[in-house]
Protein chains: 2
Amino acid sequence: MESLENRKTIRKYKPEKIDESLLAEMIALASRTSTTGNMQLYSVVVSTDEADKKALAPFHFNQSSVTSAPAVLTICADFNRFVKWCENREAVPGYNNFISFVTAAIDALIFAQTFSMVAEERGLGICYLGTTTYNAQEIIDFLKLPKLVIPITTLTLGYPAEQPSLTDRLPVGAILHKGYYHDYTAADIDAFYRMKENLEENKQFIEENGKNTLAQVFTDVRYKKNDNEFFSERFLEVLRKQGFMK
Amino acid sequence: MESLENRKTIRKYKPEKIDESLLAEMIALASRTSTTGNMQLYSVVVSTDEADKKALAPFHFNQSSVTSAPAVLTICADFNRFVKWCENREAVPGYNNFISFVTAAIDALIFAQTFSMVAEERGLGICYLGTTTYNAQEIIDFLKLPKLVIPITTLTLGYPAEQPSLTDRLPVGAILHKGYYHDYTAADIDAFYRMKENLEENKQFIEENGKNTLAQVFTDVRYKKNDNEFFSERFLEVLRKQGFMK
């Protein structure tokens, strides 16, 4: 667990495949993790065929890790399996609503992170793809996800072919509040973000992007208001189409 | 990590307190986990005072683990800190929308599960409280969470004072799909749920609740349609009030 201290997201992988039985074993082990009412409201779609990975890549803006990874795991919030069980057992399910989506998404993410830590402990590397919720509809169509199933995150997985440098984190005081939320003063913000802003790589990042501050790289280049609004509408539409907003 | 095979949710704790520096150290270690664009879109509010835990308990339907745990950690999706940083750095943030909430919730849950595994490795026990999203508004008020901060899950934490028996899980084939989602036939459902349905404790559970099937215990007693619809409306209202639905 102390290896967490030095963990890195891995985006370049060796061509070496992941043994099918190892993958199933890691998924089974990760499924021991916490789950709401022991309902296990998630599913994993594993893509290992070249053609499948190539088809998924554009939905993840062609991030190279998608095609270079021996396995791509799309992790879904899934109430379909549970509802089918109910319907086959004289039980009338009531899970076509927003809170049920949230509950299933929580289950899916707890599972995803447990799986990631299991995989990392076995010497594998992972990368989370935040693009999953941006292009959920395209992923749903390609992976044939039925109603009440929504992709929440994607993990690319493989044996590391790179050793990236450690990224910075905020001081623990920035994320930890005692008793109640102590809102941040301008001085707090200065103190908590100072180290990040002083990193040579971040100064370069600002210059490369032609910006004045590191924050502007986020607001104007990486996570833009217009994009966020566009993806918000799209994802809400996915919730409706997959049957979670009745 | 193999201890995962035998992990159990712990709801009863020894009175022994958790050292403050240990808690901070575990939170710092867990913050090494994956995070979207290294934004760390989460915060943790730690409640250790008896009065605070007593006040939180009703929002979690007075589950005994809340007051008996030496520490209660409310884990929040948090865009407030990041937006304050942007505003103090000539950057115009655009994160008051649904996809930004989803992104922050993903960050918060990845962090929560990493923290849980760190804590369990140190001999502590945890319990996730799904009630967090049901009564988010009350928690927001009590913990003074500002706009763009929403509680997503809660962990009760302490040294175990019980050794519960291992709970069942579905076979790995039930959650793993190869290439695309293979929807479940009635025969699949029978096969995947057979073990769960045959467990003596689940048969008792059906009888105690006066139901015909285990699924009915979920639909009619534990996670009811009316409750789900009520909590869905409430949580969507929280998203609006906290500023994520602009």
Q. Taking the stretch B:78-103 as the search range and keeping residues that are more than 7 Å from every other protein chain (Cβ to nearest Cβ) and outside any loop (DSSP other than H, G, I, E, B), which one is surrounded by the fewest Cβ atoms within 10 Å (Cβ to Cβ)?
A. B:87
Q. Considering only the stretch A:145-167, how many residues are crowded, with 17+ Cβ neighbours inside 10 Å and either among the hydrophobic types (A, V, I, L, M, F, W, C) or closer than 16 Å to residue A:119 by Cβ (or both)?
A. 13
(Q) Could you go through the stretch A:59-77 and let me know if any residue there is closer than 30 Å to residue B:168 by Cβ and assigned to a helix (DSSP H, G or I). (A) no
Q. Which condition breaks for residue B:183 when tested against (1) over 30 Å from residue B:123 (Cα atoms); (2) under 26 Å from the mean Cα position of the chain (by Cα)?
A. (2)
Q: Name the residue, out of B:244, B:205, B:235, that is within 22 Å of the chain's Cα centre (by Cα) and more than 7 Å from chain A (Cβ to nearest Cβ).
A: B:244
Q) Within the bounds of the stretch A:126-141, is there any residue that is on the phi > 0 side of the Ramachandran plot and not in a helix (DSSP H, G or I)? A) no
Q: Please specify each residue of the stretch B:151-179 satisfying the condition of being part of a strand (DSSP E or B) and either farther than 24 Å from residue B:109 by Cα or of a type in the set (Phe, Trp, Tyr) (or both).
A: B:178
Q. Is it the case that residue B:175 is within 7 Å of chain A (Cβ to nearest Cβ) and under 25 Å from the mean Cα position of the chain (by Cα)?
A. yes
Q) For the stretch A:223-245, which residues satisfy the criterion of being open to solvent by 60 Å² or more (accessible area, probe 1.4 Å) and either closer than 23 Å to residue A:143 by Cβ or in contact with a helix residue (DSSP H, G or I) (Cβ under 6 Å, 6 or more places away or on another chain) (or both)? A) A:230, A:233, A:234, A:237, A:240, A:241, A:245
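The values are calculated or read from the model by the stated rules, or taken from the named source; none is laboratory data. None of the values given here were measured: they were computed from a predicted structure. Heads up, the Cβs are rebuilt from the backbone with ideal geometry, glycines too, and the neighbour counts pull from every protein chain shown. Quick note on the areas: whole protein, heavy atoms, side chains included, nothing else; ligands and nucleic acids left out. Shrake-Rupley method; radii C 1.70, N 1.55, O 1.52, S 1.80 Å.
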